[in-house]
Each structure stands twice: as structure tokens, then as C-alpha cells.
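Engineer: Have a look at the structure that comes next, please.
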Amino acid sequence: MLPPELHPRAFRPYISPSASAPSFASSSSYNGDQNPNPSPSPSPTSSFYYGGAGSSSSSSSRRASSSMKNSRFSPSSFVHNARIAVALVPTAAFLLDLGGSPVVATLVVGLMIAYILDSLNFKSGSFFAVWFSLVASQIAFFFTSSLFYTFNYVSLALLASFTCAMANFLIGVWVSLQFKWIQIEYPTIVLTLERLLFACVPLIASAIFTWATVSAVGMINAAYYLMVFNCIFYWLYSIPRISSFKLKQEVSFHGGEVPEDSFILGQLESCVHTLNLVFFPLLFHIGSHYLIIFSSGAAVCDLFLPSFLSVSTLCLHKRGFMVRVVFHSFGRYIHVPPPLNYLLVTITMLGGAVAAGTYAVGMVSDAFSSLVFTALAVIVSAAGAVVVGFPILFLPLPSIAGFYLARFFTKKSLPAYSAFVVLGSLMVMWFVMHNYWDLNIWVAGMSLKSFCKLIVGSGILAMAIPGLAVLPPKLSFLTEAGLISHALLLCYIENNFFNYSNVYYYGMDEDVMYPSYMVVMTTLAGLAIVRRLSADHRIGSKAVWVLICLYSSKLSMLFMASKAVLWVSAVLFLAVSPPLLLYKDKSKSASKMKPWQGYAHAGVVALSVWFCRETIFEVLQWWNGRPPSDGLLLGSCILLTGLACIPIVALHFSHVMSAKRYLVLVVAAGLLFILMQPPIPLAWTYHSDLIRSARQSADDISIYGFMASKPTWPSWLLLAAILLTLAAVTSIIPIKYIVELRTVYAIAVGIALGIYISAEYFLQAAILHALIIVTMVCTSVFVVFTHLPSASSTKLLPWIFALIVALFPVTYLLEGQVRINKNFLGESGVEDMAEEDNKIATLLAVEGARTSLLGLYAAIFMLIALEIKFELASLMREKIVERGGLRHSQSGQSSLATVPPRLRFMKQRRASTMPTFTIKRMAAEGAWMPAVGNVATVMCFAICLILNVHLTGGSNRAIFFLAPILLLLNQDSDFFAGFGDKQRYFPVTMAISAYLVLTALYSIWEDVWHGNTGWGVDIGGPDWIFAVKNVALLILTLPSHILFNSFVWSYTKQADSRPLLTVPLNLPSVIITDIIKIKILALLGVIYSLAQYLISRQQYLSGLKYI
């Protein structure tokens, strides 16, 4: 079919052949304003394109032709991107796969350069960068691809290389059309590029697609693959398309006709595409099978199958189709001897095709055409009945059935169609009973007779539904019942056939009866029929909902081999889809679903998920390779329920915040159950026979043996703590407004986390459980009341933090002391090797437990520092907003006046000093917050450094990840009085420099001390030279760090030469040093000097702009 914009005006069925297929000279033409008549001297333009009527209308034809040639260029976006991407995106992927990593790397670098140039608004540079990257990638493709080794002939390799180069060139043309400036400056080039793209893409893309398909599946049917791709690309690109760069208002000219130069392609391109479509698959088949073309009759028939779209080879194609398909595959059902069988099959197939084609194009419109159509239907029905062996005595039955079917199509007579359904059902039953009824075969777990009953019932329903569809709207429920019954029957048949794929016939197994593509085809066909009937208002929304769910559920069989998965999927789709399919009235602004309906749908979803637990269990077992735990199964059910309720909340209750909060809580609960998999008591679970049999399997024991599992009950505590926190954050628990509830919440979360950490990581140190629980309770209370303070919390929180700090050394020392005393101060006696091993194991356990404690307290202090930093920043922001609002209210309309530069500078200075005044005012409200945050930050940083020594041995890279912790420092009135927002990066850089200097000195001392038993280092000896050299090189790196750290503290501009002069001092340290830390210091010094120079330079330029 043509695009809608190309349809001609009324009473004008002629379509211009110049843009779709080649046309040949004709002695007659057609005018839309009068009847067809011969034209002795048609105008070439008007007759060829528009069908001019003759001399009487030649002037009007010339006027129309001249006006239609005056279409104008209109710069716009390229609207055919999706159409071009269908061919060129897979082509590009195939070329990248052939070229390999060198081509990908070249293309990525080039496109990155093009992107940078485009972001800098250098459009022409971006355009040329794209083309240079494509050219460079093509050169890399020629040198890295294996085309000359893959093909046996040099000519084929050269042809393949040329095809790849053309594909690359077309990609460049497509990219060029995306640049708007080319359309504005070079409009004729843009039109040429668009025409070139549509002219060449079908030819190149069909070859590339066929090449890729042949590489995957083989060369035997390559001509048929080429034929399919030619048909697809002919439909995409050769059917007349309007240019993206023509004025769309001209479509309304001349009754909706489009000017001839508005089409993308012309006569020549259309002719080439048509010839390629018709003859190139045939030539390709001859070239690839020339050795066996005449080896057999079947091989000769294969010559004509690829060219089935050609009118000149239609009869030969039909001959090949009958020999290869009809007589080869269905020969057992043809009961007529040759040559009469060829004649009758030809009449049946060709006559049926002609009848269907004439009715589809609307040629059956008057009495004579209706008579011919009816006679053809009767003849075809009779010939088909004779071919399949229908008794001659009952031959009038198929003829009458064909007559009534033709009468239904021509007169829309329901009694006629009813008669056809009855007669057709009788013929179907006769055919089934005559060919299959007496066979003792079991197909897909059922007898052939049962299967025949299902097929006959499905066929009768399929024949009855078209007649039911034309009934009055009051009787549409019959159509809906027929469609749903047919869908259920089809699901039942396909479920049995697809899941029981073996044929049991005297021991013959493993023959696939129902391939997967049939499931996909019937699903797509069913959905298309439902969509068409729904668009024609033949069926209601409820029937559409049920049918879509039934047809979509069939696809689940493709992913999981289970007999129940189809029906389970249908139940889930029916439960989940009502918010999407049943409530589709877009005219209502409020929710289409009432609250009780929302609760009802959510309950139905939960019940459906619980009903489908066995299938969910099988899916998890297939995914994990072993039966899932109860926690995983329950979490999957909860998560699936939450995800299924998203359409209800998103589409119908998006204005209800409580619904969103509860939905988030349900989804989070499902995820937590899946991740933690807590143990579930047997009284809470209901196991079906399938789950129970899977759990009682002895395979795991025989393979893995008995494994002592770690107790998982503490995971319930962590799960409860997370859910409580999420409920508090989403305001489901109103801790923001009730202080008592806030206290209970903080204590409950602290106890849950404390017990979880104690039971999970410190099982053997029972005495420490109370200390850990107290620490977690204090931390929880501190964080909660810092974020949501009460009237008296500001007085108690510093003491709570002091208690946390005091518990840290007590817990750390007590853990090791208790365990050591327990193991080493036992019964006295002679120690043997077992006791020594026990002591070593105890010491290792103490070390590991202490490391865990360090990690726990580091996390606690980090959380406290983050919370205080957040609260201080929020408080400062609120005070700035308040002061800004007050100043705005006092200034009134004076703010609209022009401010002199001097006053503007004073305002900037006043704004820079505002945080200092804010901190001073904050001292009266709670001066402890900055100091507590600083203590927590310093302790977290120190503990992390200790952990770095214990875990990595003092890694050099760790300081770059740990130093940003010092960004949490605040300005206080005691320790960091001069520390402001401008100096926030100074602790980070200073910590990095100091850490590297100290560890470098320690490395030098360790190397020298390791080589001598004491401090006896001989002056002039190798150790003395080593120490002096590296210390000197270390000193050379210090000026850069000192200058940069002082610059970060003050941000005052220094002489430009000073940072640059320190760069050469770092070069000897990079080259000569033996210590890697000194080399890192030197490289860091170079980076610091360059950064300081660039920042100072930028400040200088900014100052010049300000002046």
C-alpha cells in the first residue's frame, strides 16, 4: 500500500508509476475529471505522470505540470531516520564485527573528536571529523579484515570490499543529512544526498543482510534470503516517498496530488529497483548453483522460485511451487491421477488467488463482476473437493458452500454465511475422519481422535467468527464468546503440542511436532485480528482485555518448559493488565479507578501471584540450578506483587501519596527478602507437592554432602531495621511529629542493628554484645535526633556522642583481652602443639575481630560526620535565604536600579563574609555541632588509615580515596576557627602530601634498618648513599607541595613564574629515585604546579573581564 499522503483524489485510481516501478509507453491515458478515452497526442509529462486527457485538456495539463514542478526547498530535520536506520544500523554492526577492535577503536576516537567539536559549536569541524573518522575506519578495515583470506577468489574479495566501502559511504551520507547548516548553505547537495541514500540503500543493504545471514545459516538457500530482503527494502525505500526537504503545504495542490519533484526517487532508480527485485535473486541462484542446476527436476524448479514477484515468470513460479510444495508435501492427500491432478490443482490455486485478489482490490463491485466472482468460487470449491477425494455423489455440497461464501462477500448475507459454515463444517469433518480417524496414533500425549476433535472444533469456530462479527452490536457478545473460546482452544492445543514435542508412534521419538515460530505466528495473527475488530468496534474492551492476555501468555512457553506456565501467565496477565486495558478513558482528569476498585485489583494481583507460586518456584530453580529457599520464593512473590501494582498506582492513584509510599515499601520488602533470604518457619509456609518433592531431592546431599550452615535468623533484624527506616523516611511512621514515637523508633532500630552485628560478626565474644548494642542504640538516637531535633535533644546529644567515643577504646581493648584471658589463663600444664595452634588461632581471631570493630566504628563516625555536615549546610542555607528575603523586602523597587561596580564589589565582599556571621549566630543555638562533626571526621580518617595499614600494608593509592573524608570538616570556634568554605580543600591536599612524605621517610628508614642490625650505617657506604640520595630527592619535591597547599589555603594570586620554576625540581625525583612514594610525590608536585598556574591565570583573566 502507498503512504496516505500519496493517495490520489476521489475518482482517480491511477497512481504515478514513475516513483514506484518502471512504466512503458501507452496509447491511452486517464483523466480524473472525465471518463477514460484514447488520447492521440498526449503530452509526455502529463500522460506519463498525470494521465492527461488529450488536446482539449492539454493546456490545463501543462498548467498543472508547470505548477507541480515549482515545489520549493524547505530546511527541516530528516524525517526518514527510522526508515534508514532499519537498514544501516545492522549493516554498521556487521561491518564493525568484520573489522574487529582496530576499526572500533579508530571509529570511537574519531567520533569523540567530532562530539567535542560539536559541543564547542564548531559544526563544520564536527562534520569533517565524522567523515575523516569514517575514512580512517575504512582504511583500518581494509588492513585488518580477513576478506582476502575468507574468499577463494580475488574478484569476490574485491567485490565484498567495495560493498563494505559503499555501506560505509552511505552511513556517512546519512550522518551528513543530520547537519542543519548543510541544508541551509547547500540545499541542492542535500536533495542529492537524500536521493542517493534512497537509491543505493536497498541494493547495498540487501547484499549485506544476505551476507550476514549466509554466514550464520549457510549458503544453500541464499537466493531466497536475498529475495526476502529485496522485498522488505523495496517496500521500505522504493515505494514513493516525499522528500524531507520540500514544503508539506504543496501536498494539498491539485486535489491532494504531490508535485513530481517532491518525490525522492525518479524513474531510473525505480526501474533499477524493480529489475533488482525481479531478476537479481534468480541470477544469484544461478551463479551459486550453476553446477547442479539441471541435475534434477526439483533443481530446475528451484530456478524460478526466487523470482516469484515477476509477472513474466508467474506461471513458471507457480509450476515450481506446485512441484516443490504442493505435490511434494501434500501428495498423499491428492487423489487424482496425473495429468488431471496438475490441472485441478492449478485451477484451485490460481482461481482462488485470482478471486481473493480481485475482491481485495475492490474489483467486485457490480452485477457482472459479482457473477464472475461467484462462478469462480463455485469452480474452485468443486475442483478442490475433487482433488482431496471428496465423493462425486456429494460434490454439490462444496459447490453450494462456495456459492454461499461468494454470496456472503458480495451481498453480506448472514443466512448465506450460516449455510457456508454448516456445509464447510461437514466437509472438514469428512476430511478429518477420512484421513485420520482410523489411525491409532498418540500425538503430544493424546490420541489422534481427541486431537481431531479439537482441530474440528477450532476450525468450526474459526469459520463461524467472521459471520458473527457482522451481527448487530447488540449481539456482539456472540463474537466475543466465539473469539475467547477459539483462543482458549488454541492455547490448549499449542500448550500440549509445544510442551509434549515428541511423537509416540511405535517407538519413534524426538520429532518436533510444533516449532516455536508457529507459536509466535499464531500469537501475532491473533493480536492483529483483535486489534482490527476492536478498531471496527466489533468487540468490547473486556473481550479485548481477555484476548490480549490469552494470546500474550502463549509467548511464555518459549522461555520455560512447563505445562502450567501458559495458564499461570494468563492468570497473571489478567490480574495485572486491567489498569492498562480496561480503564482507558483519557477524557477524565481524575482517577478512573475508585479506591475500592484499587484495593480489589491489588488483592486480585496478590492472590494471582500466590496461585502462581509453583511456576515462580520452577523459574527460580531453573535460574539458580537448585531449589530456591523459602525466603527467596517469598521475596520473589512480594516483588512481583509490588511490580504488578505499579500500573494501578501510576495510572490511577498518582495523586495519592500514601499509595506510592506503600508501593515503595512492598517493592523494597521483596528486594530485601530476595537479597537476605531470611529463614521462614514451617508454620508460615505452604508447600505444594511440586515444591515438597523438589526439596526432598537427595541430589544436593549426594553431590555436596552435609554442610553446616551459618544461622541466618539475624537477617530478620536487619530487614526489620531497613523497613522501619524506609517507613520513617516515607512518613508512613510519623516520627517527624511525635517525639515519643521518634525515641521508640531510634531505640528499636539501634537494638535491631546491634543484635544483628553482634550475632553475625561477633558470635564468640558474648560479653561484647551489650557494648555493641549500646553503641548502636546511641548512634541511632544521635542520628535521628540530630536530623529531627526536639526541645531537649541539643543538650543530650553531645553527651551521647561522648559515650560513643568512650565506648570505642573500651570495646576494642576488651574484645581481645577477654578472649585472650579465656584461652591463655586456663588450666596450667605442659603445652603441646595443639595448644600452640589454638593460641595462634585465637590471636588471629582477635586480630580479625578488632579489624571488624575498627570498620564498624569508622562507619559510625562517618555517618555522624555526614549527618552533621548535612544539618549545618541546611541551617546555613536557611539563614542565607532568610537574610536574602529580608533584604529584598527592605529594598523594594530599588533593586531594579543599576548598581555601580564599587557597590557590587562591596556586596560580593559582604556575601563572602556571611558564613562567618552565620557560624557565630549558630554558636548560641548549638556550638557543639561543628566540634562534634570535626571529631567524628578526624576519628574516621584515623581509623581508615589504621585499616589501610592492617588490610593493604599501607597502600599508596588508598590516601587518594581516604583524604576526601576530610571534606566533612567544619568551621568551629575552637580548633578550626579560621577554617572556612574557601579552605575546604586544604585538608585534603595537605593530608595527601603529609601522608606521602611521612611514608616515604618511613620507607627509607625501613630499607636502611632492614639491611643493618642497628644504626651502624657506614658513611659512604651503600646504605648511606641510598638514604642521602632519596632524602635529597624527597626534599626537592617539597617546594611544589608547600606552594600549592599555601595557595589552596589562601587562594591569593602569586607570581606566575614561581609555580613553574618548581616543576624542574620534581624531574630528578621522577627519574632517579628508588622509592615509589617519592616518585608519586614528584608527579603530584608537577600536577600541583601546573594546576596552580592555570587557576591563577584564570583568576587573572576573570579580573580583567571584571574591570
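The values are calculated or read from the model by the stated rules, or taken from the named source; none is laboratory data. The structure presented is a predicted model; accordingly, all values stated were derived computationally and were not measured. A quick note on method: Cβ atoms are made from the backbone with ideal geometry, for glycine too, and the neighbour counts reach across all protein chains shown. With ligands, DNA and RNA removed, areas are computed over all heavy atoms of the protein, side chains included. Shrake-Rupley method; radii C 1.70, N 1.55, O 1.52, S 1.80 Å.
Engineer: May I ask you to order 1081-1089, 664-672 by the average number of other C-beta atoms within 10 Å around their residues, highest value first?
Structural biologist: Numbers: 1081-1089: 22.1, 664-672: 18.3.
Ranking, from highest mean packing down: 1081-1089, 664-672.
Engineer: Using a 1.4 Å probe, what is the accessible area per residue for the stretch 375-444, in Å²? Each step should come with its number before you reach the end.
Structural biologist: On the way: 3650 Å² over 70 residues.
Ligands and nucleic acids excluded, the result is 52 Å² per residue.
Engineer: Okay, moving on. Round to a whole angstrom and tell me the spacing of the C-alpha centers of the stretch 1075-1092 and the stretch 173-199.
Structural biologist: Using only Cα atoms to place each centre, the spacing works out to 51 Å.
Engineer: Under the rule of at least 5 residues apart or a separate chain, name every residue whose amide H is placed under 5 Å from the amide H of residue 443.
Structural biologist: Placed amide hydrogens put 448 under 5 Å from residue 443.
Engineer: Would you mind telling me the share, in percent, of accessible area of the stretch 416-494 contributed by carbon and sulfur at probe 1.4 angstrom? Display every interim value, and only then the final one.
Structural biologist: Numbers: 2860 of 3840 Å².
Ligands and nucleic acids excluded, carbon and sulfur reach 74 percent.
Engineer: Using a 1.4 Å probe on the protein chains only, how many percent of the accessible area of the stretch 530-641 belongs to carbon and sulfur?
Structural biologist: Working: 3870 of 5980 Å².
Looking at the stretch 530-641 in its full context, I get 65 percent from C and S.
Engineer: I'd like to check one number: the per residue accessible area of the stretch 738-785, probe 1.4 Å, reported in Å² as a whole number. Don't skip to the answer; put the middle values down first.
Structural biologist: On the way: 1940 Å² over 48 residues.
Accessible area per residue: 41 Å².
Engineer: In addition: Accessible area per residue for the stretch 588-655 in Å², computed with a 1.4 Å probe and the full protein assembly in place, what is it? Mind showing how you got there, number by number?
Structural biologist: Working: 3580 Å² over 68 residues.
For the stretch 588-655, the solvent-accessible area averages 53 Å² per residue.
Engineer: Okay, next question. Rounded to the nearest percent, how much of the accessible area of the stretch 723-818 (1.4 Å probe, protein heavy atoms only) is carbon and sulfur? List each step's numbers first, then the result.
Structural biologist: Values: 3490 of 4590 Å².
Ligands and nucleic acids excluded, carbon and sulfur give 76 percent.
Engineer: Here's another thing I want to ask about it. What are the ³J(HN,Hα) couplings of the stretch 108-124, residue after residue, when phi is run through the Karplus curve with 6.51, -1.76, 1.60 and θ = phi - 60°? Round to Hz, x for glycine and proline.
Structural biologist: Those phi angles translate into 5, 4, x, 5, 5, 5, 4, 5, 5, 5, 5, 5, 8, 6, 9, 5, 5 Hz.
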